[in-house]
Amino acid sequence: MTSTDLDLTTTAVPRPATSTRGRAGSARIRFGLAVIIVYVVAAAIGPWLVRFDPVATRTQDRLKPPGSRLSDGSLAILGTDQVGQDLLAQMLQGARISIAVGLATLLLAGTIGVTVGLAAGYFGGWLDSVLMRLADIQLAFPSILLAIFIAALLGPSVVNVVIVLAVSNWVTFARVTRGQALTTRRREFVDASRTLGAGTWRLIRRCVLPACIAPVLVVATVEIGHVILAEASLSFLGLGTPASTPSWGVTIANGRNYLADAWWISTVPGIALAFLVVSLGVLGDALRDRYDPRLRSL
Amino acid sequence: MTSEPLLSVRDLRVEFSTSAGVVTAVDGASFDVRRGETVALLGESGSGKSVTAQAMLGIIPKPAGRVTGGSIEYDGRDLLALPATATRELRGREIAMVFQDPLSSLNPVFRVGAQIGEMFRKHRGASRKEARAEALELMRRVGIPAAEKRLDDYPHQFSGGMRQRVMIAMALALSPRLLIADEPTTALDVTVQAQIMDLLARLQDEEGMSLVLITHDLGVVADVADRVVLMYAGRVVEAGPIREVYEHSAHPYTAGLMGSLPAIDGPRERLTPIQGAPPDLLDLPSGCSFRPRCAFASERCADEEPVLLGAPGRPAPHSSACHHAGKVLTDAP
Amino acid sequence: MPPETTPLLQVRDLHTTFPLRSALLRRTVGHVQAVAGVSFDIPAGGTLGLVGESGSGKSTVARTIVGLEKCAAGSILFEGEDLTSLPPARMRQVRRQLQMIFQDPYASLNPRATVEQIITEAWEIHPDVVPRDRFKPEVRELLERVGLNPDHAARYPHQFSGGQRQRIGIARALALRPKLVICDEAVSALDVSVQAQVLNLLAELREDLGLAYLFIAHDLSVVRHISDQVAVMYLGRIVETASQQELFAEPVHPYTQALLSAVPDPLPWARPPRTPIIIGGDVPSPADPPSGCRFRTRCWKAQDVCATEDPALEPRLGLHPAACHFAERRTELVVG
Amino acid sequence: MAAYVLRRLFFSVFVLWGAVTIIFVVLRLVPGDPAYIMLGPDADQAQVAALRAQLGLDHSLIQQYATYLSNVVRLDFGQSFRLNADSMSLVLQRVPATVQLASTALLVSLLIGLPLGVVAALRANTWIDRGISVFSLLGQSTPSFWLGIVMILLFARGLQVLPSSGSGSWAHLVLPTITLALPFLAILVRLTRSGLLEVVHEGYVQTARAKGLLESTVILSHALRNALIPIVTVVGLQFGALLGGTVIVETVFAWPGVGRLLIDSIGRRDYGVVQASILLVATIFVGINLLVDLIYGFLDPRVRLAGD
């Protein structure tokens, strides 16, 4: 009965007056989206503008610092690597791979995770116990180790990276979806639909699934940054994408041997990678603050 | 009962910043609490009664909420003008509070004995052993059976009624002169509510302290309160001795509340509820906030905000903030 | 009740249990009897008030009748058909005449659906009730019926106040043209002023549509206001049942007497002073109910026999049924 | 409490069994002959046949699983053909180095991360909070292998104040520790901040204020103790990421730990060592999580007393 009195104080507290700032985090959302759009556009059309040939080697253009003129008269804005490849071209190609791997992994992990989470959360009982124990085992196993193990056996390839990362990332989606399904299933409006005679499928489709969309999207935004980082880590270890499709991780690993002579090979792709992941993090945080503050621990 | 007020709230204003805008939760509330008396602070959702209590204790959640005007004089000192350390010293020692939901109000990770004993340890510098003995004594006083055994239990191991007794024991630890109870029985069952109200009345009698009972339930306080202060949309709309106010309501809101209550005896009649919904604090009407729900409303009510004045033709301490108080009094059954 | 009319709803010896799981292997190690043998009738157009405190099982009774919980034993006869043994297709047909209004006006409406979608869902599930092209006018009519502005059909629940939301919940329950509506604490979450509005609306609807109610509440004044018959529950059982007039004027079970005595009275000065009955303790856990009479642990009249012999719910003192070995008339509790 | 400990112990064993089984399943799921994959393309027929016999590949899948389990229980992962030694003892030799690195990183993270998180929460929405949040976001987003390289560039090659690789002295420990600790520390800051912000609006914190306690007592005793409860679980799980991170950090800094052995063994297709390393790290992780569960039970009486 005093709930409104209390609501007034509790809901008001976490943020200062937002009247001057518009809706929660809209500036951060705009920033994150803008950066991501730039990356996506660069990844999509960049390789068309700056040609990249994975097998070309031009020994006369090896290890040129950023801003150098190359033997064919072109300008290497970000310098060249140990075989004379233009670093910018390589990075644009890398962006394409990172984003593609990230999206494909998310789609796969998300589909598996949401399905498992819905089943566990909605039906409960032994199905929930079995699925969630499975998720617990998965969580109790450091995911990068699992990824390393599978990748070591499967060998480096883009498809394998996606599979490996999806296997180690579905749990987050499953847990969030399960939690949401569980709380939604217990809400009175679901009971109300049941008293009207609604069947299981209708309840999942009309009541439970819509309630899961916002948190799943938030998780997806946060997770895609993690996935891109993990992909780069695997590639750095030589277990990710093969040398013919050099992702940022591969380029950074290659540059390690030339740190003394060519610092840019390792540092520049790292900055690009970190900036993308930071932007995804900013966007994810802002979306979470706006749509689902309960997911803070992610 | 001396007439000298222990606590005197004057023109209190409290604002909250919410995502939807700034809300005036308390808008110029004034009332007194005299020594040893029981005052009921009555109101529905959004009336500002709980925020008023928080302001009295100096625990308005910051930074969203802030007191923007008025004074709260306690024993001659303005609490709002005192430095933070001074008001903190008063809390627990002079003014104590019991909250609505005893489960969330007790710390789940500490034993109840330690939570009660903390009052003695932190305020009086008592040793662990002394604090424990004091806590035990208090638990017995508030009627917790097998208190020695329960001293080392955690809040989740208690029932709702027992938890509220623990809260009361904690509040009474340092024999405060003013106890504020914010909806102390709302979360409890009827039979347990009767136990807690009985306990509060007994303890007040023993301690001779002043008691402010905050509630939405007109019936709960009728037996125990000396005076009642009714709030609506952050303002005091009617105040006076409880029987006088209940039996001769001089504000249409009070009269409406009385008409909304189904009776426990006598013939069953159709209820005469108040029209409309409780006020939206973000979008209050001009003049009298109750105007849109009021059968007596006139043009004057839209233009001029009514102030708290003596109810016409009624004995002195009864006041009402209504331009049509006289008509309300004569029209009532 | 005259024997020639079959009651609309007959509940006989209803039991509802919840499994109690062990922490270690999550195996079922026992059962909580939330409802332990409850029987009552509701005639067409009648209202039964079911009162009790938390843990009494009153809400579980409601949820079991509408099929939200599984019935462990006993029967639920609706117009003579047993809901516990009907084939699924017939069940859907019967159950739709039995609708529910929920407690929480915030949680009981899907926040992502408009008022129109909330109400028409019933007709989508049961396409024979209202043809699709009649949806809009029927929604308007229903909204008007429950006192809402029909132009607000496209709004979302959060745009309404608590009382208005509860009206939407009532409209949804009425969409399938039920004969029985179960109100599970339907007014307890509302402010006093709004609660009275909704109570008046429920009374109007009963008169206009010939509805029967199972009205569940913890507030005795509210139950008294709306019910014809009243049953008092304690720990999964009915301890006393009578007509509204008789129960409030001459309660014979100690628990009912204590409940009545504890009802807050806004005008105590208007009647002779009464000695309140304050019972100690709390409701015991339904997982481990006391032997014999379940109320004996809090009863001031309890004797040895109460621990060994479960008192039957049968007419006592020539009055109405009560489950107490030491039933006693007490009229001073309420001046009638 | 006893029931709770027993429950968590049971679960730990269950998880280890699951990890062992996952390795078995993955090994068998990969297309091709496991013996052939493990030995690599340049192995001769005799070697393959010998390994097939050792793994029991001629038997049914269930028998293979039984053999595998019994080998694991006896810590028998076979001989390392490349290094000519028992696989498990090879791994065990490397454990101290990894434990040293991981525990230093954990300690550093806790000592810096928790206080930073508390400060950020107490100064929520001020520039201090924003600064800490930006730091935390950067820490979480910076790829650790890259950070390691940049730090080698800066401190080892540029300023020449710290060694770039290898182990032996405390100076060797500095850069790997920072690299390994940063992401973990960042998460800790964030969890502490949000956890504390969540509980400061709880009723019991209001009660603590109403009791007239010092603000520091209110926050550090009443609020933080409750905020720690969810943090502890997540910290336990995130410790897995820290252990995984050792693989990368050890590779970057040529730190002679299990992680580097693992990567080297993958390169050499020395799968006995690979399995042994992974299972060992998994065991450490499960052990840590058991410890975390016990701390959790200690912090939250509701969990501890649930079984009683």
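Of the set (1) closer than 22 Å to residue C:190 by Cβ; (2) away from chain C (no Cβ under 14 Å); (3) small (Gly, Ala, Ser), all apply to residue B:219 but (2).
Considering C:268, C:315, C:276, the condition of being free of Cβ contacts under 8 Å to residues at least 12 places away in the same chain, open to solvent by 40 Å² or more (accessible area, probe 1.4 Å) and not assigned by TED's automatic domain parsing to the domain that holds residue C:224 is satisfied by C:315 alone. Of all residues assigned to region D:27-47, at least one qualifies as being open to solvent by 20 Å² or more (accessible area, probe 1.4 Å) and either touching a His at 6+ places or on another chain (Cβ under 7 Å) or under 30 Å from residue D:238 (Cα atoms) (or both). Remark: pairs (first residue in region A:208-232, away from chain C (no Cβ under 14 Å); second residue outside any helix (DSSP H, G or I) and not polar (S, T, N, Q); Cβ separation under 6 Å; 6+ apart in sequence or on different chains) = A:218/A:292; A:222/A:298; A:229/D:143; A:231/A:240; A:232/D:143. The single condition from (1) without any contact (Cβ under 8 Å) to a residue 12 or more places away in the chain; (2) crowded, with 16+ Cβ neighbours inside 10 Å that residue C:36 fails is (1). Filtering C:45, C:55 for residues that are modelled with pLDDT under 90 and on the phi > 0 side of the Ramachandran plot leaves a single hit, C:55. The helices (runs of 4 or more DSSP H) found entirely in region D:145-256 that carry 3 or more residues being out of contact with any Gly (no Cβ under 7 Å at 6 or more places or on another chain) and more than 8 Å from every other protein chain (Cβ to nearest Cβ) are D:170-199, D:224-252.
Is it fair to say residue C:201 is among the hydrophobic types (A, V, I, L, M, F, W, C), under 22 Å from residue B:259 (Cβ atoms) and crowded, with 23+ Cβ neighbours inside 10 Å? So residue C:201 does not fit the description; no. Taking helices (runs of 4 or more DSSP H) as the structural unit, those lying wholly within region D:42-141 and holding at least 2 residues that are modelled with pLDDT of 90 or more correspond to D:87-122, D:127-141.
Restricting attention to region C:179-198, the residues that are in a loop (DSSP other than H, G, I, E, B), open to solvent by less than 10 Å² (accessible area, probe 1.4 Å) and over 28 Å from residue B:218 (Cβ atoms) add up to 0.
In region D:269-282, the condition of being under 21 Å from the mean Cα position of the chain (by Cα), within 8 Å of chain A (Cβ to nearest Cβ) and either open to solvent by 40 Å² or more (accessible area, probe 1.4 Å) or among the small types (Gly, Ala, Ser) (or both) is met by at least one residue.
What pairs come out if I take residues in region B:255-275 that are farther than 18 Å from residue C:260 by Cβ and more than 7 Å from chain C (Cβ to nearest Cβ) and pair them with residues that are surrounded by 19 or more Cβ atoms within 10 Å (Cβ to Cβ) and of a type in the set (D, E, K, R) whose C-beta lies under 6 Å away, six or more apart or interchain? Short answer, once both residue conditions are applied: B:275/B:293. Could you list, in sequence order, the residues of region A:171-187 that are within 20 Å of the chain's Cα centre (by Cα) and open to solvent by less than 30 Å² (accessible area, probe 1.4 Å)? If the condition is that a residue be within 20 Å of the chain's Cα centre (by Cα) and open to solvent by less than 30 Å² (accessible area, probe 1.4 Å), then A:171, A:173, A:174, A:176, A:177 are the ones that fit.
With the requirement that a residue be open to solvent by less than 10 Å² (accessible area, probe 1.4 Å), closer than 19 Å to residue D:172 by Cβ and either assigned to a helix (DSSP H, G or I) or free of Cβ contacts under 8 Å to residues at least 24 places away in the same chain (or both), what does region D:257-268 give you?
Step one: list which residues in region D:257-268 are open to solvent by less than 10 Å² (accessible area, probe 1.4 Å), which gives D:257-259, D:261-262, D:265.
With the extra rule that they be closer than 19 Å to residue D:172 by Cβ, the set shrinks to D:257-259, D:261.
Within region D:257-268, D:258, D:259, D:261 meet the criteria.
Only one of (1) at negative phi; (2) at pLDDT 85 or above; (3) surrounded by fewer than 17 Cβ atoms within 10 Å (Cβ to Cβ) is not met by residue D:305, so which one is it? Residue D:305 satisfies all of (1) at negative phi; (2) at pLDDT 85 or above; (3) surrounded by fewer than 17 Cβ atoms within 10 Å (Cβ to Cβ) except (2).
If you go through region B:160-218 and pick out every residue that is touching a Ser or Thr at 6+ places or on another chain (Cβ under 6 Å), assigned to a loop (DSSP other than H, G, I, E, B) and open to solvent by less than 10 Å² (accessible area, probe 1.4 Å), you end up with 1.
Quick check on residue B:178: is it modelled with pLDDT of 90 or more, within 25 Å of residue D:217 (Cβ to Cβ) and touching a strand residue (DSSP E or B) at 6+ places or on another chain (Cβ under 9 Å)? In short, yes.
Taking the criterion of being more than 12 Å from chain A (Cβ to nearest Cβ), at pLDDT 80 or above and within 30 Å of residue D:295 (Cα to Cα), would at least one residue in region D:22-40 satisfy it? There is no residue in region D:22-40 that is more than 12 Å from chain A (Cβ to nearest Cβ), at pLDDT 80 or above and within 30 Å of residue D:295 (Cα to Cα). As a summary of the residue check, residue C:224 satisfies the conditions (1) among the charged types (D, E, K, R); (2) away from every other protein chain (no Cβ under 12 Å); (3) surrounded by 21 or more Cβ atoms within 10 Å (Cβ to Cβ) except for the one numbered (2). The single condition from (1) part of a helix (DSSP H, G or I); (2) open to solvent by 10 Å² or more (accessible area, probe 1.4 Å); (3) free of Cβ contacts under 8 Å to residues at least 60 places away in the same chain that residue B:244 fails is (3). Take the conditions under 24 Å from residue A:203 (Cβ atoms), modelled with pLDDT of 85 or more and open to solvent by less than 50 Å² (accessible area, probe 1.4 Å) and apply them to residue A:131. Does it pass? Here the answer is yes, as residue A:131 does meet what is asked. Inclusion of residue C:215 among residues that are under 25 Å from residue C:175 (Cβ atoms) and aromatic (Phe, Trp, Tyr) is warranted.
The values are calculated or read from the model by the stated rules, or taken from the named source; none is laboratory data. The structure displayed is predicted, hence computed values, not measured ones. Every residue, glycine among them, receives a Cβ derived from its backbone with ideal geometry; neighbour counts consider all protein chains shown. Side chains are part of the model used for accessible areas, which takes the heavy atoms of the whole protein and leaves out ligands, DNA and RNA. Shrake-Rupley method; radii C 1.70, N 1.55, O 1.52, S 1.80 Å.
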